[in-house]
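These notes concern the structure reproduced below.
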Amino acid sequence: INAEYMGNFIQFSASKMMKSGSRPTEQDSIEQMSVDDFSLTKCRSFIHHQSKITSLAWGNALKNPTQLVSVDEGGKLVHWDAFTGEIIQQIQVSKSWIMDVDFEQSEGKKVACGLIDGKLCIYLVNQSTRDQKKQQEDIHVKPTYELDGHVGAVLCCRFLNTNYLVTGSSDSSVALWDLENPQRSLSSHTQHTSDVVSLAAVSYTHLTLPTIYSVQISVVAVSLKKK
């Protein structure tokens, strides 16, 4: 997906371009391929945002593979059906920038938004038909959870499982959160000396409370070096 400057984005599919007379061999590897080896085909455009898109996230590949969410500088969250191009739900999360968004992958029923004011807002999606219809009618629906612990903007957020999340902030910290006890973060790590701009989490088993601190999960954070 390509997020465009004007607040719209386009879904692409990538395919390998075979040079005339050549076929892939077992020795072919992704490292040997160049940009020229691929072609992008436009599938469809999604036009709704009125300000610049800041982040996108896909839903669960098995439970809701055609769903995605997008957020923008105007504080709006849009929940899409990428197959039809229709809007499932839209929420005015804030009056200012949403810095990042993540779609919970285990059940596909939570979306997290990191805000420029340091808060993390969690919304429920894909609920019962009655609840979903009620939410669709109210663009100013309140978040189910509102986590407040960073003193800088929440630049990135990632679900570890249904109840646990990690956030990175412009205050140079990485925080671990438990939605069952959202009043404060479980832990905060301050080894970075500048903005934490990206997070990646890899879980090797289905996480439960006794194992959340074990080696079964790895979190990598990336920061920008200040000049």
- Among the residues of region 165-202, count how many are open to solvent by less than 20 Å² (accessible area, probe 1.4 Å) and over 16 Å from LYS119 (Cα atoms). 2
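Can you say whether SER96 is assigned to a loop (DSSP other than H, G, I, E, B), surrounded by fewer than 15 Cβ atoms within 10 Å (Cβ to Cβ) and of a type in the set (Ser, Thr, Tyr), as far as the supplied structure shows? Break it down into steps so the answer makes sense when it comes.
Values: assigned to a loop (DSSP other than H, G, I, E, B): yes; surrounded by fewer than 15 Cβ atoms within 10 Å (Cβ to Cβ): yes; of a type in the set (Ser, Thr, Tyr): yes.
The answer is yes for SER96.
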- Task: Among the residues of region 48-93, write down those that are farther than 23 Å from LEU115 by Cα, open to solvent by 50 Å² or more (accessible area, probe 1.4 Å) and among the aliphatic types (A, V, I, L, M).
- Result: ALA61, LEU62
- Item | Residue satisfying all of: in region 99-144; at pLDDT below 90 and not in a loop (DSSP other than H, G, I, E, B); least open to solvent (accessible area, probe 1.4 Å) among these | GLN132
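The values are calculated or read from the model by the stated rules, or taken from the named source; none is laboratory data. Computed from a prediction, not measured in an experiment: that's the story for all the values here. Neighbour counts run over all protein chains shown; Cβ positions are idealised from the backbone, glycine included. Surface accessibility is based on the protein's heavy atoms, side chains included, excluding ligands, DNA and RNA. Shrake-Rupley method; radii C 1.70, N 1.55, O 1.52, S 1.80 Å.
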